[in-house]
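Taking it in order: structure first as structure tokens, then the write-up.
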Amino acid sequence: MSLLEIEDLRVSFPGKGFRAKPNEVLHGIDLDVGAGETVGLVGESGSGKTTIGRAVLGLVPMAGGSIRFGGQEIGGLAGKARRGLASHIQVVFQDPYTSLNPSMTIGDILAEPLIVQGATAHDARNRVRSLLDKVELPRDAVDRLPREFSGGQRQRIAIARALAPAPKLIVCDEPVSALDLSTQALVLELLIDLQRETGASYLFISHDLAVVRHISHRVTVLYRGDLVETGPAAKVTRTPDHEYTKKLLLASPVADPEAQQHNREARKRLLAAE
Ligand SMILES: Nc1ncnc2c1ncn2[C@@H]1O[C@H](COP(=O)(O)OP(=O)(O)OP(=O)(O)O)[C@@H](O)[C@H]1O
Ligand SMILES: [Mg+2]
């Protein structure tokens, strides 16, 4: 049994206009994430990556299928039962500028989930210090506001907040996409270290194959609401089986100009063959 088991997940949004048909954006997704595992989810914009993450978090209604967590169905959970899951499933979003409450100090942001769980003020204070150490921020950050921190630092605060209740699973939706390249690398390494330390699983969403290859154990490729390919990260991101993954791979930027040229030509051949 995997920690997270998604089976035949379907999600529809209401169509636009009078009597419009609902618009199905996920057409039956099967995906599982093991304990301590990182599964990367890639695909072009609009393919449904965020919607899968939001379904796991209970933020979009399901039109069909099931989502099990630790063997228990969590698909239709609402209210108190869903809130109870918050200590097990957490999320890190893309934009560190809007995901942190601007009027709360870092100390309060990190302590809030702990207090909700019933921690005493004293225990929460100690735990906040250790969280700041974990994400390599100075302890005096507790008294400061989000605006006093850079994008990379804010994303580390968001990661600390996600880690606060010691969750088993963290949905990471483009967590490094808003950061510059060197900060991306730092935050990715931090996430990898934290996983070793905590054993948390990541469902790691990104449009960037290089990022996903670096952090994931397995990679799943999504195309217009269908999974096209799942397998070991190196295999899927270097020698994929599916034509769509090949195109995605060729479209991803490469630092080496020679490899870039090679990709451009291979892409032209693929397109010409269609
Ligand atoms: N709340 C919503 N209401 C209606 N349609 C939605 C809603 N959320 C998403 N969609 C549609 O569902 C599809 C998948 O969107 P989703 O945000 O999951 O894509 P994505 O793969 O995360 O894209 P990106 O890489 O741009 O973040 C899109 O066609 C989008 O327009
Ligand atoms: Mg998205």
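The values are calculated or read from the model by the stated rules, or taken from the named source; none is laboratory data. Quantities reported herein were computed from a predicted structural model and do not represent experimental measurements. No Cβ is skipped: glycine too gets one built from the backbone with ideal geometry, and neighbour counts run over all protein chains shown. What goes into the accessible areas is simple: the full protein's heavy atoms, side chains included, and nothing from ligands, DNA or RNA. Shrake-Rupley method; radii C 1.70, N 1.55, O 1.52, S 1.80 Å.
Below, the figures for the structure above:
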{"read-out": "Along principal axes, Cα extents of the chain, largest first, whole Å", "value": "65, 49, 41"}
{"read-out": "DSSP beta bridge pairing in the chain, given as percent antiparallel to the nearest 5", "value": "55"}
{"read-out": "Whether the range 56-126 is rounded, prolate or oblate, judged on the alpha carbon gyration tensor where a/c under 1.5 counts as rounded", "value": "oblate"}
{"read-out": "Alpha-carbon radius of gyration plus Dmax, which is the widest Cα pair, for the range 87-172 in Å", "value": "11.7, 31"}
{"read-out": "Per-selection Rg to Rh, the range 18-84 - Cα, Kirkwood hydrodynamic radius", "value": "0.99"}
{"read-out": "Calculated FRET value between residue 82 and residue 8, using beta carbons and R₀ = 22 Å, to 0.05", "value": "0.60"}
{"read-out": "Under 5 Å, built H, 5+ apart or other chain: amide partners of residue 74", "value": "67, 68, 69"}
{"read-out": "Karplus-derived 3J(HN,Hα), 6.51/-1.76/1.60, for each residue of the range 145-157, Hz, glycine and proline x", "value": "9, x, 5, 7, 10, 6, x, x, 5, 4, 5, 5, 5"}
{"read-out": "Residue-by-residue Karplus 3J(HN,Hα) for the range 160-168, coefficients 6.51, -1.76, 1.60, Hz, glycine and proline x", "value": "4, 5, 5, 6, 3, x, 6, x, 8"}
{"read-out": "Separation of alpha-carbon centers, the range 1-49 and the range 146-194, rounded to whole Å", "value": "24"}
{"read-out": "Accessible area (Å², 1.4 Å probe, nearest 10) - residue 230", "value": "70"}
{"read-out": "Derived scalar couplings ³J(HN,Hα) [the range 30-45; Karplus, 6.51 cos²θ - 1.76 cosθ + 1.60; whole Hz; x for Gly, Pro]", "value": "10, 7, 10, 10, x, 5, x, 9, 10, 10, x, 10, 10, x, 5, 4"}
{"read-out": "For residue 26, residues with placed amide H under 5 Å, excluding near neighbours", "value": "11"}
